[in-house]
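This report concerns only the one structure given below.
A short reminder: the numbers here are calculations on the coordinates, not readings from a lab. Every value quoted in this text rests on a predicted model; they were computed, and no experiment measured them. Cβ coordinates were reconstructed from backbone atoms using ideal geometry, including for glycine residues, and neighbour counts include every protein chain displayed.
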Amino acid sequence: MKARVFVTLKTGVLDPQGEAIRHALGTLGFEGVESVRQGKVIEIELSGTDRAAAEAELARMAEKLLANTVIENYRVELVG
Amino acid sequence: MKSAVIVFPGSNCDRDMAVALGAAAGRPAQMVWHKDAALPPGLDVVALPGGFSFGDYLRCGAIAARSPIMRAVVDFAHRGGIVLGVCNGFQILIEAGLLPGALMRNQTLKFVCRDVMLSVETLDSPFTSAYGNQRLIRVPVAHHDGAYVADAALVARLEAEDRIAFRYADAAGRATLEANPNGAVGNIAGVLSENRRVLGMMPHPERLADPRLGGTDGAPLFRSLVEAVSVAA
């Protein structure tokens, strides 16, 4: 079973890297880019087949390591 | 004072830290590998050095904070042990949950490596007591991810509890925007735990603790530790 964990900055947390990307997009001529927020996608392969158990386990992984919940949100997605 | 320096793969200030601790204590600091599950017995102080543990993978300090030795360091801190984290060590302490807040990419997005001025905000800690009247010090910073982040409620709490140890300051001791090398909220450079015995700071006191290195403003921090430990003994 494959899973993706999306880790993004919480609203209100300043994202200087996103801001730099926004500037670079403007330099390349892309107009109308009002804001950019960047984050991470972590792809995980699990051996189990129980989807509910996998979702719970992935949430625990995100809480304990994959995200810093002081500044980041996470979202878990099972793919296939 | 019996001290130990934890060494992670990618630590690069571990020997500087050991030299500074050893010089102040008059006995060498022990080096402890991150895979050890226990600390040497009878320690007074544990230091987490600067560097790039685990290549800063995932988030700075995130992997190191989950290494075997950190369980022992967290226990040590919970028993009232003195723990100092500098630079990457500060990031590790936050990731381990021993200090509040977060450290993010510098607002300039640049690695900053230069001397900064710090105002010593409190003398009430085993790390700062020896600063006395010396309330403005020069210490180097060298980091890419040192912007301390905390919400307004946490900042207010840290201020009310006198837990901000150092702030980036100008030559007059004022915490101005220009004096802030990384965009840290409130110019915060170092914070103390609730029991005041854990300190995390981005600047490197161990790099200016010997006149042969061009300055000694970092030395009182290590003297404070020695005094705190000898008073307690």
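Just checking, does the stretch B:89-108 include any residue being surrounded by fewer than 17 Cβ atoms within 10 Å (Cβ to Cβ), on the phi < 0 side of the Ramachandran plot and not in a loop (DSSP other than H, G, I, E, B)? No: the stretch B:89-108 contains no residue that is surrounded by fewer than 17 Cβ atoms within 10 Å (Cβ to Cβ), on the phi < 0 side of the Ramachandran plot and not in a loop (DSSP other than H, G, I, E, B). What about B:N180, is it outside any helix (DSSP H, G or I) and either of a type in the set (V, I, T) or free of Cβ contacts under 8 Å to residues at least 60 places away in the same chain (or both)? Spelling it out, B:N180 is indeed outside any helix (DSSP H, G or I) and either of a type in the set (V, I, T) or free of Cβ contacts under 8 Å to residues at least 60 places away in the same chain (or both). Within the stretch B:109-123, identify whether any single residue is touching an Asp or Glu at 6+ places or on another chain (Cβ under 9 Å), crowded, with 16+ Cβ neighbours inside 10 Å and aliphatic (A, V, I, L, M), and answer yes or no. Yes; the residues of the stretch B:109-123 include at least one that is touching an Asp or Glu at 6+ places or on another chain (Cβ under 9 Å), crowded, with 16+ Cβ neighbours inside 10 Å and aliphatic (A, V, I, L, M). Scan the stretch A:52-80 for residues that are without any contact (Cβ under 8 Å) to a residue 40 or more places away in the chain and either within 12 Å of another protein chain (Cβ to nearest Cβ) or under 15 Å from B:G97 (Cα atoms) (or both) and the total you get is 6. Looking at B:Q91, B:Q107, just one residue is of a type in the set (S, T, N, Q) and out of contact with any Pro (no Cβ under 6 Å at 6 or more places or on another chain), and that residue is B:Q91. Count of the stretch B:210-220 residues, restricted to those that are among the hydrophobic types (A, V, I, L, M, F, W, C) and either part of a strand (DSSP E or B) or within 13 Å of B:G22 (Cα to Cα) (or both), is 1. Residue count for the stretch A:1-51, restricted to those that are within 13 Å of chain B (Cβ to nearest Cβ), charged (D, E, K, R), within 11 Å of the chain's Cα centre (by Cα) and not in a loop (DSSP other than H, G, I, E, B): 1. Checked against the criterion of being out of contact with any helix residue (DSSP H, G or I) (no Cβ under 9 Å at 6 or more places or on another chain) and more than 25 Å from B:A232 (Cα to Cα), the candidates B:A150, B:A156 yield just one match: B:A156.
Residues are listed down the side, and each one gets a yes or a no for (1) within 14 Å of chain A (Cβ to nearest Cβ); (2) closer than 17 Å to B:D44 by Cβ; (3) of a type in the set (K, R); (4) free of Cβ contacts under 8 Å to residues at least 24 places away in the same chain:
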| position | (1), (2), (3), (4) |
| --- | --- |
| B:V73 | no, yes, no, no |
| B:G80 | no, yes, no, no |
| B:N88 | no, no, no, no |
| B:E95 | yes, no, no, no |
| B:G101 | yes, no, no, no |
| B:Q107 | yes, no, no, no |
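Note on the stretch A:55-80: residues that are assigned to a helix (DSSP H, G or I), small (G, A, S) and crowded, with 19+ Cβ neighbours inside 10 Å amount to 1. Here B:V5 fulfils each of the conditions (1) assigned to a helix (DSSP H, G or I); (2) within 26 Å of B:V226 (Cβ to Cβ); (3) touching an Asp or Glu at 6+ places or on another chain (Cβ under 7 Å) apart from (1).
Among B:V46, B:V32, B:V19, which is under 20 Å from B:A219 (Cα atoms), in a strand (DSSP E or B) and more than 14 Å from every other protein chain (Cβ to nearest Cβ)? Spell out how you get there, then give the answer.
Working: B:V32 fails: under 20 Å from B:A219 (Cα atoms); B:V19 fails: in a strand (DSSP E or B).
Selected residue: B:V46, the only one of B:V46, B:V32, B:V19 that is under 20 Å from B:A219 (Cα atoms), in a strand (DSSP E or B) and more than 14 Å from every other protein chain (Cβ to nearest Cβ).
Taken together, B:D14, B:D36 contain a single residue that is free of Cβ contacts under 8 Å to residues at least 60 places away in the same chain and more than 23 Å from B:A228 (Cα to Cα), which is B:D36. Scanning the stretch B:175-233 for residues that are of a type in the set (S, T, N, Q) and within 23 Å of A:P16 (Cα to Cα) yields B:T176, B:N180, B:N182, B:N187.
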